[in-house]
Amino acid sequence: MFNAISRTVTFALYQLTLALGILLMPVALLARRVGVRLPVDRMVDAAASAYDQTDEPRGR
């Protein structure tokens with residue numbers, strides 16, 4: 001049961017991170033023109049990695 005709750009919360013955070021990345025896209029493009037790079041891609045990759053780890057069976 002705890003694994004299902006953990007997986008659901010992680011999936012929700014992953015979806016929230018994707019939505020945040022999409023919403024910040026214009027800001028990221030503008031920042032790139034100025035020469036600043038926002039770490040949105042690393043944030044999405046970290047959330048995807050965390051979700052993938054919750055999907056793997058443990059101890060098998």
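Roughly speaking, what is the stretch gain from Val36 to Leu13, that is 0.36 nm per residue apart minus the C-alpha to C-alpha distance, in nm to one decimal? Numbers along the way, then the final one.
Values: separation 23, 0.36 × 23 = 8.28 nm, distance 2.55 nm.
Contour length minus the Cα-Cα distance gives 5.7 nm.
222 nm [θ] for the chain, helices only, -39500 (n - 2.57) per DSSP H run of 4+, per residue, to 500? Display every interim value, and only then the final one.
Details: 3 runs with 48 residues, N = 60.
Helices in the chain give a 222 nm mean residue ellipticity of -26500 deg cm²/dmol.
Here the spin labels are modelled as points 7 Å beyond Cα on the Cα-Cβ line, and at Ala4 and Leu20 they lie 2.8 nm apart.
Values in this text are rule-based calculations from the coordinates and carry no lab data. Keep in mind that what you see is a predicted model, and the values were worked out from it rather than measured. Note that each Cβ is placed from the backbone with ideal geometry, even for glycine, and that neighbours are counted across all protein chains shown.
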